[in-house]
1. Search segment B:187-208 for residues that are touching a residue at least 12 places away in the same chain (Cβ under 8 Å) and β-branched (Val, Ile, Thr) and pair each with any residue that is part of a loop (DSSP other than H, G, I, E, B) and surrounded by 24 or more Cβ atoms within 10 Å (Cβ to Cβ) when their beta-carbon atoms are under 6 Å apart and the residues are at least 6 apart or on different chains.
2. Considering segment E:38-83 alone, what residues qualify as being hydrophobic (A, V, I, L, M, F, W, C) and loosely packed, with under 14 Cβ neighbours inside 10 Å?
3. Hey, can you tell me all the residues within segment B:267-290 that are farther than 23 Å from E:ILE20 by Cα and either within 14 Å of chain A (Cβ to nearest Cβ) or open to solvent by less than 30 Å² (accessible area, probe 1.4 Å) (or both)?
4. Which ones in segment A:312-338 are in contact with a strand residue (DSSP E or B) (Cβ under 8 Å, 6 or more places away or on another chain), open to solvent by 10 Å² or more (accessible area, probe 1.4 Å) and over 20 Å from A:GLU231 (Cβ atoms)?
5. Condition (residue is within 30 Å of A:GLU88 (Cα to Cα) and touching a Lys or Arg at 6+ places or on another chain (Cβ under 6 Å)) applied to segment A:211-223: is it met by at least one residue?
6. Are there any pairs, at least 6 apart or on different chains, whose C-beta atoms fall under 8 Å, with the first in segment A:108-123 and within 24 Å of A:LEU280 (Cβ to Cβ) and free of Cβ contacts under 8 Å to residues at least 40 places away in the same chain and the second surrounded by fewer than 24 Cβ atoms within 10 Å (Cβ to Cβ) and not aliphatic (A, V, I, L, M), and if so, which?
7. Quick one: count up the residues across segment C:48-89 that are in a helix (DSSP H, G or I) and either farther than 13 Å from D:TYR70 by Cβ or without any contact (Cβ under 8 Å) to a residue 24 or more places away in the chain (or both).
8. Return the residues of segment A:224-240 that are farther than 14 Å from A:ARG265 by Cα and touching a strand residue (DSSP E or B) at 6+ places or on another chain (Cβ under 8 Å); say none if nothing qualifies.
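The values are calculated or read from the model by the stated rules, or taken from the named source; none is laboratory data. If you're wondering where the values come from, they're calculated on a predicted model, not measured in any experiment. For neighbour counting, all protein chains shown are included, and Cβ atoms are generated from backbone atoms with ideal geometry for every residue, glycine included. Remember, those area values only see protein heavy atoms, side chains included, never the ligands or the DNA or RNA. Shrake-Rupley method; radii C 1.70, N 1.55, O 1.52, S 1.80 Å.
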Amino acid sequence: MEISADRDGNTFYLNMGPQHPSTHGVLRVILKMNGEYIQEAECVLGYIHRMHEKIGESMFFSQFYAYMSRMDYLSAMAYNHGYTGLIEKMAGIEPPLRAEYIRVITVELNRISSHLVWLGAYLLDLGAFTPIMYAFDDREMILDLLESITGSRLTYSYFRFGGVCKDIDEDFIRGTRAFIKKMRSRLKMYDTLVTKNVIFIGRVKDIGIISQDMARRYGATGPVLRGSGIEYDIRKNEPYSVYPEFDFDIPTGSTGDARDRYLVRVAEIEQSLRIIEQALDRLPDGPYRTEIPPFIELEPGDCYFPVESARGEFGIYLVSNGEKRPYRMKLRTPSFSNLSLFNELTKGYMIADAVSILGSLDLVIPEIDR
Amino acid sequence: MIVLPRLALSILMVLGFIALNGMMLVYMERKVAGHMQRRLGPMEVGPHGILQTLVDGIKLIGKQYIPPYKIDRPLYLLAPVICFVPVVLAFITLPFSEKLQVRDLNVGLLVIFALGSMTVLSLFMAGWSSNNKYSLIGAFRSVSQSLAYEIPMLLSVLSIVLMTNTLSLREIVEAQSPIPHIVFQPVAFLIFFICCVAETNRAPFDLPEAESELTAGFHTEYSGMGFALFFLAEYTNIVVVCATTTVLFLGGWKGIPLPFMQYTGVVWFLIKLYLLVFVMMWFRWTYPRVRIDQLLNLSWKVLTPLALINLVVTAVVLKII
Amino acid sequence: MNSVLLSEQLITYLALAVFFFSLGIVGLVRHRTLIGMLISVELILNAAGLNFMAINRFLVPDSATGWIFTLFIMGIAAAEAAIVLSIIVAVYRKYRSADVDDVCELKG
Amino acid sequence: MTDSLFDLRIAGEIIFFIFVGVSIAGAVIAVFSKRMTRAVLGLALYALGIAVFYLYLGSAFISVMQLLIYVGAICVVIAFAVMLADPSKQSDKRGVIKGLLVLIPGILPGLGLGYLVIKTDWIIVPVGRFPPLSAADIGRKLLVEYCLVFEVISLIFLVAVIGSVIVARMGRNE
Amino acid sequence: MRFINEVISGSYSLIAGLGITIKAFFSPIATVQYPREVIDITPSYRGHIEFVHDLVTGKPKCISCGTCAMACPSNCITVEGEPLEIKREPFHATGWPPAISIPSEKKKAPGYVERLERPLILFELDFAKCSLCGLCIEVCPENAIQFSKVYNLAGYCRQDSRIDLKNRFEEIS
């Protein structure tokens, strides 16, 4: 057989993707390998680039909701939240308090579901076939809950400027409380099945260590950043919505390896459960939406509004020139920054570790290519 | 002479057993996987999906043969066959019950290991000839893995051979007539079973075909019958190693006496055999995959020394007794 | 010579062994890579083993000396293979080739 | 000698010749193939054929050891080396005459040995007179009669293992 | 000593994992056998849009103003009404929408004009493009469209995904 090798005959190139089981989408990584060891990992992006930013510039503000969900299909709520919050901030709309609480509840539920998908998929990458089914079983409860209020299971388009499009009812609240109770016991199960498993620890411990300096250099956010021990969470550091009213912790890791990122995410599930519990307890009565005209106009000016999505800081920068359409829209997506760590992270590791690292970064490819 | 008809009958029975067993194991694997993941598994074809495997087999037979570009064709075509044949030959000496044995060879144990070690060559050929880097890495892994695990496997078996003073599988079974060897040799059993899992490329040691890293490893480029043969060989290999474990450690066909024990001992044998297979599946659907260096470390740094110590201890104890 | 079957004749095995031996020597001369030469050596060793076995069987069937020699040959072959392969790997690492023509200098 | 037994022996003879073919084909592939992977396959086939000859020569034990060591160990190790050292780029630039010239060092000793084989007056001892040897006999012989050789061989193994590890690690500086 | 400790705790973790899966093996399944069992869809399910059945007139309430077509982010709605000679009142600055009616409580909002009715000729939804965001329903001044509860939609060609809501409405009623 012929191997396209380097001149010194020592290294060869391996194409991981665009269709590969562990890239979770159409990401292509060109690995320069020395045996099983990786020397260079070059990521090739753009296989599902859809020009979301440009589309945004040609649309009325309210029309762009549906596109927001399509970037990060796993935590669509947070993306809707970011967009809604931005427009509300620029237009000076004050949503009712109940709407803000509903937003927090749904966003946190969605964050848990996103982490659960990640948990399952990550273990699938590491070769464990069963946890993904358990994770999807739990996620199904969240999806059922969200479907009962939003009417769809993945791309919700639930938020509106000045509120949400449908109120939550008693069934939803009861279901959510039941879910919290169940999820707490399931977390113990994951702890036994996965977290303490010696094979799992062997696969993630001291793999892909991100130092604090490195995380800052690459602009990593979210659990990837917190895994290295930096306590940075938009919900705490630049509070938006009603997050300041809740009592929750920011879980952080110590060494910044794949295991820390895993632990941070699992701890975040617990924190999200806490937030939801508090929000349900304090859920105020009142309207869930203020009526505003469907096609709003913004004053000229610009604004950046970040939110904490399941993967890190998602921010929108928007420049308005006073028309019904944005003049310029820039999306800052977390996976894109987190992926840029990949090359430096995988140097000197084996291909199995590369899969482990890629999984621990928790990438959603449509969000990278947007 | 009844040798020839007996031989023909045995071959027919073995082939029938392999085919049925392949179907049965694939079905079992799906059901075990399904229930461990709180699903049902196949349910559509036949009652409880029993015929699903048959349908899949027919589909595989009917598939088009698609040779990839620039393959080493003779090797590519030969590899599945070379993978399959030794596994089948191992049935020659496996004693299913006192009378249900094709041929009791006085070196039966060695025959099984010799045939088992031939499979590696076919994996290497498949990986090399497919002209695919994933296959190549898979072949690399399979060769180093089987080299590493053959040693503790043989060492752990040696302690059994020391105890029984024979290499014939039937005599080994006869030797454990009141108490199976697992009682005296739990460490050897553990080492042997772990090595079996590794030798058959089952999770958590399924590195040569690790699908999240190497897509499908050495059989990435195979489709249709080539793939089916690899698949069948894998499942038959599982039966062979589990049967060997049963013979060596669990007392083979011994059990509560049934009428016509000389033949019906096969019931006990199969129960023990499928229990081991179930444990293997249980492993597969529970654990993540280990990494290649961890795999080799486990063999060289843990299992081999442990097997050596076990062997020495066995020899000393036998001498004292 | 009480059998007509060729598989029970000493001469068959000796002839085969001679054939394999010559083939091995041809391979030894013909192959340029170290691995090819190693394979040819294995051919020769096996031919010798076959010779031992045949002579043991037909000339001294009460003794196992030939068997033991064959076993030793196998052991030596395995050890030799291991050593040669480690040399090949070391040489390949140094010269980026396993071709004997490329490896003709002796300085370290 | 009954007919059916005779049939069985004829069948054995046919199988014998099949494996003669296999081993010759394997040896030819091993020697004349340009691709090393095929040569390894040839060696495996050849070893398989030899193992069957050993079976015909009355030693199942040696036959199985042959399979275990040659096919299971040596071929796999050589395959490993093929993968590590990748000699597939080997180019055979020899012309036809040179290629034929290569055959001479093989043919000459072959002819000589063949002459010896034919000329020597072998004293064949009938087989059936002695009980067949078993693996246990070999073990006993190995550890009693040939104890010294056995020890020397094991020493050689030890040296071989250590030596090959050292040699293989030598080039690795990083 | 530490090594032995690690081995013991590691083995324990492996056995604990086995315990989890074997418990799942004997516990009831969590899936639904789809063609035989069907989960009820939620009341708020979003199917493709359809006309609201007006109990008074028995006709669609649509006035073919085209607001939904304009609000749609993916341009999947085509509305055609009978042409009317009317002076188009500007909505904002760009002269859009051509005509729109509003519920009485909204009338004071800036930019809305008086109600003008146009008989509907064609209301076509290209479901292949639709993302079910629900904006058309929200902006509809007459509340004439709603989500249907149809969820098993399939077709053989692209044309199959084009739904003529007017025809559909007539077939249903």
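1. B:VAL197/B:PHE205
2. E:VAL38, E:ILE39, E:LEU55, E:VAL56
3. If the condition is that a residue be farther than 23 Å from E:ILE20 by Cα and either within 14 Å of chain A (Cβ to nearest Cβ) or open to solvent by less than 30 Å² (accessible area, probe 1.4 Å) (or both), then B:PHE269, B:LEU273 are the ones that fit.
4. Keep residues of segment A:312-338 that are in contact with a strand residue (DSSP E or B) (Cβ under 8 Å, 6 or more places away or on another chain), which gives A:313-320, A:326-335, A:337-338.
From what is left, the residues that are open to solvent by 10 Å² or more (accessible area, probe 1.4 Å) are A:313, A:317, A:319, A:327-328, A:330, A:332, A:337.
Hits for segment A:312-338 are A:TYR317, A:VAL319, A:TYR327, A:ARG328, A:LYS330, A:ARG332.
5. Within segment A:211-223, one or more residues are within 30 Å of A:GLU88 (Cα to Cα) and touching a Lys or Arg at 6+ places or on another chain (Cβ under 6 Å).
6. A:SER113/A:ARG139
7. So the first thing to find is which residues in segment C:48-89 are in a helix (DSSP H, G or I), and the list is C:48-59, C:65-89.
Going one step further and asking which of them are either farther than 13 Å from D:TYR70 by Cβ or without any contact (Cβ under 8 Å) to a residue 24 or more places away in the chain (or both), we end up with C:48, C:51-59, C:65-72, C:75, C:78-79, C:82-89.
So the answer is 29.
8. Residues satisfying the conditions are A:ILE234, A:ARG235, A:GLU238, A:TYR240.
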